[in-house]
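Comments concern the structure below.
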Amino acid sequence: PSVQVRNGLRPAEFDPVTPEPDLADFLFIGMMRDLKGPDVLIAALKDLEVRHGRKARSLFVGDGPDLESYVARAAERGLNGNVRFVPPMPAREAFARARTVVVPSRAESRPYIVLETVAAGMPILVTAVGGIPEMLAPEADRLLRPGDVAGLADALAGTLADPAGTAAAAVERRTYFQRRHTLAGMARRVTDFYLAARPDLATR
């Protein structure tokens, strides 16, 4: 016998984040390595300026082996005034500093940062890799292609152009996750599975 048990989130993780003043437009949070795609976001931010004529303020939170190269790439593209790199911090603390989270990964399994972002009611732009399309099944066909700089730049521009629609989509995702990713539901599915396989355990 087998059962799929989705990761569960604590009730507090579904609380909305109180934004700080002077928000960045976009947030990357995670390991600073090419697998996670910070370089794709940096290139897309420049493409956003060139093709869409829009400048965006972005916050990169994290550390890792490629951090220095990303700082240099941002400088080479003239993005220094609008891109900041800061050390790791708790996810919800970082969420409070930006409007939209970007997860431009080239590969993933079932990333917890996607769960945290959606549960907090944050807008998200994310690639269709690993288990992410399954996590975001209602919009799986609209997720981004990994490594697609132009596609990500277009998505950034769309988010900036339609803040109301972006916020409404975030509310829908949060509601969807509240039905599927609770800690209580996770525990219940595990318990029900064992009791179905071993009914005698219920009498002990």
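Comparing A140, A96, A170 in a Gaussian network model of the chain, where Cα atoms under 10 Å apart are tied by springs, the biggest mean-square fluctuation is seen for A140. Of the peptides 141-148, 160-167, the order by per-residue mean of other Cβ atoms within 10 Å, starting with the highest, comes out as 141-148, 160-167.
From the P(r) of the chain, can you give the percent of Cα pairs sitting at distances over 32 Å?
Details: 4184 of 20706 pairs.
Of all Cα-Cα distances in the chain, 20 percent exceed 32 Å.
Using a 1.4 Å probe on the protein chains only, how many percent of the accessible area of the chain belongs to carbon and sulfur? Carbon and sulfur: 54 percent of the exposed surface of the chain.
May I ask you to order 115-123, 4-12, 97-105, 45-53 by the average number of other C-beta atoms within 10 Å around their residues, highest value first? Numbers along the way, then the final one.
Values: 115-123: 22.7, 4-12: 13.7, 97-105: 24.3, 45-53: 16.8.
Per-residue Cβ counts within 10 Å, averaged per peptide and sorted highest first, yield 97-105, 115-123, 45-53, 4-12.
Considering only P16, P133, P90, the Gaussian network model of the chain with Cα springs below 10 Å gives its largest mean-square fluctuation to P90.
Based on the Cβ-Cβ distance from L201 to V86, what FRET efficiency comes out when R0 is 45 Å, to the nearest 0.05? Mind dumping the intermediate values first?
Working: r = 49 Å, r/R0 = 1.09.
Taking R0 as 45 Å, the efficiency between L201 and V86 is 0.40.
Return the calculated 222 nm mean residue ellipticity for the chain, to the nearest 500 deg cm²/dmol, obtained by summing -39500 (n - 2.57) across DSSP H runs with n ≥ 4 and dividing by the residue count. Can you show the working numbers first?
Working: 8 runs with 88 residues, N = 204.
Taken over the chain, the calculation gives -13000 deg cm²/dmol.
Across Y112, Y194, Y176, mean-square fluctuation computed from a Gaussian network of the chain (C-alpha pairs under 10 Å connected) peaks at Y194.
The values are calculated or read from the model by the stated rules, or taken from the named source; none is laboratory data. Keep in mind that this is a model prediction, so the values were computed, not measured. No Cβ is skipped: glycine too gets one built from the backbone with ideal geometry, and neighbour counts run over all protein chains shown. Note: areas computed on protein heavy atoms with side chains; ligands, DNA, RNA excluded. Shrake-Rupley method; radii C 1.70, N 1.55, O 1.52, S 1.80 Å.
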